[in-house]
Amino acid sequence: MDATNGYALVTGASGGIGLEFARQLAADGWPVVLTGRNEATLAAARDALGGPAGHRAITCDLSRQGAAVELHTACIRQGIAVELLVNNAGSGKFGDATGHAPADVEAMVNLNVSALTNLCALFGADMKKRGHGRILNVGSFVGLNATPYFAAYAATKSYVLSFSLALREELRQSGIGVTCLLPGYVRTGFDDSAGIRSERYKRFSKSNSLGPEAVARHGLEALERGVAYTIVGGRNRFAAALFGLLPRTTPPRIMKKFIDSLV
């Protein structure tokens, strides 16, 4: 994706898919603003980027209330005009919905829903004033259907898709493109961070996952083409099409039996 005169901002950019977004955008000539929670890791990622000079690293924990405003304010103060926003940061929790600590769920919802929404609003308003810009929101394949043991996480990703499609229509006449990326299994540290302990599940996840490089490339190409949303991976597209033919109560029942067989 060819660079313009502004910056590309990537959240959750210190590793995984976010770091790949940053690398590929830098290779295309974008100066990149990387955001994440770990200052040292983020700075190292920034320093390792190729491409143009001027990459920035802004440490920010987007799971905190008010963090989106802080990040936007930091960009304004540093004279950073964000032309491309990649809302990649997210977290998940695995297990019984009744067993999660409320603080953990609140942090996940703040990150996956509130921060993404507010960043779209804040940077989207700047883009509207300039009459151009692009937004890529990272959802998930599980957001297409209610998913037991990922109940809250899947619901937040369903929100991301719904919000992205609505935002796309609102901004259609403003010169701003909005795309939602829906990956399935990706070779990152998600399983461990989500609290998955089953080695059998992890083996299945790994054997059916794509690399973060391919996922990031797919997302940026979809954004360039201007598509509304895109599912990554042929198997995932097939499963989405199949589940779409079933009553809404059936996919959750199938997924529960499937996950039970792995854990």
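See the values below:
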quantity: Selection from 127, 116, 166, by position along the positive dipole direction of the stretch 106-263 (Cβ); calculated: 166
quantity: Descending semi-axes in whole angstrom, ellipsoid equivalent of the stretch 161-236, from the Cα gyration tensor; calculated: 30, 13, 9
quantity: Pair-distance profile P(r), taking every C-alpha pair of the stretch 13-75, with 10 angstrom steps and integer %; calculated: 24, 52, 22, 1
quantity: Hydrodynamic radius by Kirkwood, which averages 1/r over all alpha carbon pairs of the stretch 153-197, in angstrom; calculated: 12.6 Å
quantity: Cα gyration tensor of the stretch 82-138 - equivalent ellipsoid semi-axes, whole Å, descending; calculated: 31, 10, 6
quantity: Computed Rg/Rh of the stretch 73-167, alpha carbon atoms with Kirkwood Rh; calculated: 1.05
quantity: Angle in degrees between helix 151-171 and the longest Cα principal axis of the chain, rounded to the nearest 10; calculated: 40 degrees
quantity: The stretch 174-214: radius of gyration over Cα atoms, expressed as a fraction of 2.2 N^0.38 Å; calculated: 1.57
quantity: In the chain, lysine pairs with alpha-carbon atoms under 23 angstrom apart (chain gap of 8 or more, or interchain); calculated: 13
quantity: Distance cut-off 36 Å, percentage of C-alpha pairs in the chain lying past it; calculated: 11 percent
quantity: Test item: Cα-centred dipole of the chain, Lys/Arg +1 and Asp/Glu -1 on Cβ, debye; calculated: 620 debye
quantity: Size of electric dipole in the stretch 168-232: Cβ of Lys, Arg +1 and of Asp, Glu -1, about Cα centre, debye, nearest 20; calculated: 300 debye
quantity: Compactness relative to 2.2 N^0.38 Å, alpha carbon Rg of the stretch 40-84; calculated: 1.26
quantity: Size-normalised alpha-carbon gyration radius of the stretch 125-252, reference 2.2 N^0.38 Å; calculated: 1.14
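Read-outs: derived from the displayed coordinates by stated rules, not from any lab. Note that the coordinates shown come from a computational prediction; the quantities given were computed from them, not determined experimentally. Don't worry about glycine lacking a Cβ; one is built from the backbone with ideal geometry, like all the others, and counts go over all protein chains shown.
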